[in-house]
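These notes are about the structure you will find just below.
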Amino acid sequence: MAGLSLPVTLADSLRREFWRISAKTSLGRHCIHDRHTRLMILAIASMSVALAITAVAPLWMLLLAPILLGAPHIVGDIRYLLVRPPIALRRWFVALLLIPLLAQTALRVSVMFDMPRHALAEVSFGVAAVMLGVVAAPGRLWRRLVTGAAVAAIGSAALYWPRESGLALAHLHNFIAVGIWLLFAVRAGGGFKAALASLFFLACCLAIMAGVLDGITASFAGWAAPVWGFEAEGWAMALAPGLPDAMALRVVQTYILAQAMHYTVWLRLMPQELHETAPPTTFVQDLKSLRSDFGVTGLLLIVVGVLAVPAYAFVDFSGAWPALSLENASMANWGYLTIVLFHGWLELAFLSYFAVSGARPAP
């Protein structure tokens, strides 16, 4: 991975300089040695920046965040739930779990090639994945019965209203990721600080729904479409169908902020929460760890996949020389969001497994 050495080294130089300056303050020194304080501040700072961008340019945030951070966060999702899970998983559970999730993804990909959407089949595969977590996890009978009953009830409703359940999952999975981080922060002894960061996130969401950002967004023309085909009206219909216009746009803004928090969880909070040492890691250490988990070939595929989405979105290869362009950005965004539905169901399947096992070691 020699091609990555220069940018990684430069990034680490900037990180070292940041921590060198931070170490001059008592709070900075505390953050270096106390992981939970560091993650709380990281979460709150990330949400503050995301809230500001969501207020000023929500559609730009909605357009660019999935293109730039979507693929890396999917890698983190898979890595910290299946490859390096925070609790022991039975191997046959992981192997079987891939079957419904891959089948669901295949259906989603077919939609991109003008095939009809099979919403009921998609939800059926998702519910099967979550129920597999109930069946496969080791645990006491009462845990299995209670969790199984809850999954059966919610799954039945999802199968009865497949399109509505897909929309609900699109919104809720962002909050589910925060719940997973909070769960393991509690287990690691940092629950109070993680809870404070989570409450700050929820307060930001409530502020948006109360209309606090309406005037700011209007003054900056934040709902102006950044590219053709990426209009606010379309997203309001997709994410908040049937609601009055003003309330629908608030729901869209809440989704944008929650999506940003979701990315923060899988790209920064969970990796640091599950790391064995308290001090912050370097990018070189992160790269070595990623190669250890996926191998050299897997790491190369990850790099190619992570770069392919923004390359398709931002680079026009039709001329003699590649040129920067946003012409394909809307399509790249749509394609990414179409394919990645599976990771919401993956998170639910993990939670069902955890609910039954209670982190009991897998035999």
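Read-outs: derived from the displayed coordinates by stated rules, not from any lab. Not measured: the values here are computed from a predicted model. Glycine gets a Cβ as well: all are built from the backbone with ideal geometry, and neighbour counts include every protein chain shown.
Helical content of the chain, expressed as a calculated mean residue ellipticity at 222 nm, amounts to -24500 deg cm²/dmol (DSSP H runs of 4 or more residues, -39,500 (n - 2.57) each, divided by residue number, nearest 500). Each residue of the range 41-49 was assigned a 3J(HN,Hα) from its phi angle through the Karplus expression (A = 6.51, B = -1.76, C = 1.60, θ = phi - 60°), giving 5, 4, 5, 5, 5, 4, 5, 5, 5 Hz with x at Gly and Pro.
Rounded to whole Å and ordered largest first, report the semi-axes of the equivalent ellipsoid of the range 117-224 derived from its Cα gyration tensor (root of 5λ).
For the range 117-224, the semi-axes come out at 32, 24, 10 Å.
Quote the FRET efficiency, to the nearest 0.05, computed for residue 161 versus residue 52 with a Förster distance R0 of 25 Å and r equal to the Cβ-Cβ distance.
It comes out at approximately 0.10.
Residue by residue, the range 14-21 carries 3J(HN,Hα) couplings of 5, 5, 4, 5, 4, 6, 5, 5 Hz when phi is fed to the Karplus relation 6.51 cos²θ - 1.76 cosθ + 1.60 (θ = phi - 60°); x denotes Gly or Pro. Panel values: the range 1-158, Kirkwood radius from alpha carbon pairs, Stokes-Einstein at 20 °C and 1.002 mPa s, translational diffusion coefficient 106 µm²/s.
Count charges around residue 25 for me, please; just the other residues with Cβ under 15 Å from its Cβ, Lys/Arg as +1, Asp/Glu as -1. The partial results should precede the final answer.
Details: positive: 20, 24, 29, 38; negative: 17, 34.
It works out to a net charge of +2.
Segment residue 102..residue 172, full-extension length gain: 23.1 nm, with 0.36 nm per residue of separation and the alpha-carbon distance subtracted.
With a ≥ b ≥ c the root eigenvalues of the C-alpha gyration tensor of the range 187-319, is it rounded (a/c under 1.5), prolate (a/b larger than b/c) or oblate? Write out the running numbers ahead of the final one.
Working: a/c = 3.00, a/b = 1.31, b/c = 2.29.
Taking the square roots of the gyration eigenvalues as a ≥ b ≥ c, the range 187-319 is oblate.
For the chain, the relative contact order is 36 percent, taking Cα pairs closer than 8 Å that sit 6 or more residues apart in sequence and dividing their mean separation by the residue count. Couplings for the range 146-161, taken from phi via the Karplus curve 6.51 cos²θ - 1.76 cosθ + 1.60 with θ = phi - 60°, read 5, 5, x, 5, 5, 5, 5, 5, 5, x, 5, 5, 5, 6, 6, 10 Hz in order; Gly and Pro are left as x.
I'd like to compare 116-129, 206-219: which one has the highest average count of other Cβ atoms within 10 Å, and what's the full order after that? Provide the component values of the computation, followed by the final result.
Values: 116-129: 18.8, 206-219: 14.8.
Packing order, densest peptide first, comes out as 116-129, 206-219.
For the chain, what is Rg from Cα atoms divided by 2.2 N^0.38 Å, rounded to two decimals? Intermediate values should be presented prior to the final figure.
Details: Rg = 21.0 Å, N = 363, 2.2 N^0.38 = 20.7 Å.
Output field value: 1.01.
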